[in-house]
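The values are calculated or read from the model by the stated rules, or taken from the named source; none is laboratory data. Bear in mind that the values here come from a model prediction, so they are computed numbers and not experimental data. Neighbour counts run over all protein chains shown; Cβ positions are idealised from the backbone, glycine included. These area figures cover heavy atoms from the full protein model, side chains too; ligands, DNA and RNA do not enter into them. Shrake-Rupley method; radii C 1.70, N 1.55, O 1.52, S 1.80 Å.
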Amino acid sequence: FAVAAPAVAPARAGVDDAALADVLNDHWRLVMARNPEWASTLGDRRADARVSDPSPEASERFFHAIAALERRALAIDPAALSPTDAGWRELFVEHLATTRATEVCYDALWVLSPRQNPMGDLFGTLDLQPLETGRDRQRYLARIRAAAGALDDHRAALELGRQTGRVASVTAVRRTLEMVDSQLAEPVAAWPIVARLPGELLDANETQRMIDRVVREVYRPALADWAAYVRATLLPVARSDAAPGLASLPRGDACYAARIRQQTSLPLTAATVHLEGLRATTRVEAEFRSLAPRTLGVSELGAVFSRLGEDPALRFEDAGAIVATAERALARAQAALPRAIGVLPQTACVVREIPKYEAPFTTIAYYRQPDPDGGKPGEYFVNTYAPETRPTFEAEALAFHESVPGHHVQIARAYEQPDVPAFVRYAGSTALVEGWALYAERLADELGLYTSDTARLGMLSFDAWRSSRLVVDTGLHALGWSREQAIAWFEAHTPLARNNIENEVDRYISWPGQALAYKLGQLTLLRLRAEAEVALGPSFDLRGFHDTVLGAGAVGLPQLEARVAAWVEAQRVAMAPVATHAEGGIPAAGR
């Protein structure tokens, strides 16, 4: 997959049937046209001058096209396909159906937060865009101009949302304005989209002046006008923090049901998920009571959480220490990885700091995928803002989740699969992506990667966090919880810092359902592994199990279950004196 090639190139990878290949190609063209920023990250340089169309009309056209693609995919007879193609068709139909079902959410009309806003989206995209050639720089400037024009369309969409009773929560609007206002207050020359030119460019000074002028004269005034509209018109009517979830939006119940299915790949109700969260929270609290006495000298949960949450000795002193801890944890995990994974990712992973404009308003860390051609490594971004609030005991679990053996291993391996269609290779099931990363925190413990029992308390802290997400997300969006109720739950059931809790709750309010994927995915992986261990006994191969999980990209959890079942059966056959076996469905690892 060449950097300069259109991102549609791998859409039909691993598929033989012509009709299925055609619909996969058409789908990927649609998705890349709808998301030119994403296309840029996947190497389609033709997309570098464009931005997404935020208008409701564009959303309507997109969902209409998705429905047409779904009809075409359903018309393909699975009985006429090879087992592998039939497996991909099944997964593709599910992907289209869950995407189409989210139309009822009308995201373009109301979604606004520090993580999802026009300025942040542009800055994050341009940070990845090349600037080496004259054409690169022309596209860079064109994208800034296009983003300035799109602000009018974004404002029109938000206005339609206001008129139809769909507005973001007041805290989401307020904090977005704080983020944008803080950037507007900075000298344009210091803006990250201006001050990022490679120093070796021969015409760096001239290019710098051009970018500075376009930002100063075109983009900044448009952004200031957009912010003025949000402040004057949206902020006064934003949804109260007393009812910030989907339950307070028109058709919010239907939207949340669609989000649960999309994010988990499972047919679950909010009530079922909420109950599972309560059970999972109870289990991890028992682990705290077992481990805490020998590390903190206390076992009562309130005392444990207070100590972890308030002891200044368990906080970082400076940003450099945060980065150094992350880098050491990553290095240890890289060295241990061959003991757990047979097919290792070929792409490197590095540690980065979250940009200063974003850090006060976002979560403690995130992972950014590598370039598909390997030109850019995977990047583990860690938040170094206000280091004295960042817990030392959580730092190792965080690194193992976001980098190795977590997100980087799963995502890089998916990118490196030659026979996986693009919709799975580059996107796929959130439940597998996030479920694997949470599973990796416990796998790191099996590999002996935590340096102390205090760091293992960090692992439990994160598990309590993800278990509580099931309770809080469903509480906010199905049960009508207030923002303060959600914060109070986290304070009672996790040792997370208050600033982290607030950022996380605001994230769930603006991104319904995504928080459910972590724990539900991890629970599925743990169950499948336990069942395989029982079925295979002493012959169970941990590396083979993990290669099977990672070997076809981020498939849905039902498809993952079928893959693992096929692998277990293949191991049984291989152990038998004389046997034959043929696998079906989505191909097993190594094929």
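Brief remarks follow.
- No other residue among ALA247, ALA280, ALA333, ALA329 is within 25 Å of the chain's Cα centre (by Cα), hydrophobic (A, V, I, L, M, F, W, C), open to solvent by less than 30 Å² (accessible area, probe 1.4 Å) and under 30 Å from THR99 (Cβ atoms) apart from ALA280.
- For region 315-326, the criterion of being part of a helix (DSSP H, G or I), open to solvent by 70 Å² or more (accessible area, probe 1.4 Å), touching a residue at least 12 places away in the same chain (Cβ under 8 Å) and in contact with a helix residue (DSSP H, G or I) (Cβ under 7 Å, 6 or more places away or on another chain) is satisfied by no residue at all.
- Residue within region 30-37 that is touching a residue at least 40 places away in the same chain (Cβ under 8 Å), assigned to a helix (DSSP H, G or I) and of a type outside the set (Val, Ile, Thr) present: yes
- Pick from region 371-403, criterion without any contact (Cβ under 8 Å) to a residue 60 or more places away in the chain and in a strand (DSSP E or B), ranking: surrounded by the most Cβ atoms within 10 Å (Cβ to Cβ): TYR380
- Only listed residue being open to solvent by 40 Å² or more (accessible area, probe 1.4 Å), of a type outside the set (A, V, I, L, M, F, W, C) and either part of a loop (DSSP other than H, G, I, E, B) or in contact with a Ser or Thr (Cβ under 6 Å, 6 or more places away or on another chain) (or both), chosen from ASP225, ASP241: ASP241
- With respect to (1) outside any helix (DSSP H, G or I); (2) within 21 Å of the chain's Cα centre (by Cα); (3) of a type outside the set (Val, Ile, Thr), the lone exception for GLU94 is condition (1).
- Test: residue in region 213-222 that is within 31 Å of the chain's Cα centre (by Cα), open to solvent by 30 Å² or more (accessible area, probe 1.4 Å) and not aromatic (Phe, Trp, Tyr): yes
- Scanning region 333-348 for residues that are in contact with a helix residue (DSSP H, G or I) (Cβ under 8 Å, 6 or more places away or on another chain) and outside any helix (DSSP H, G or I) gives ALA340, ILE341, GLY342, VAL343, LEU344, PRO345, GLN346, THR347.
- The set of residues in region 68-110 being closer than 20 Å to PRO421 by Cα and touching a Leu at 6+ places or on another chain (Cβ under 8 Å) consists of LEU69, GLU70, ALA73, ILE76, LEU81, ASP85, TRP88, ARG89, PHE92, VAL93, LEU96.
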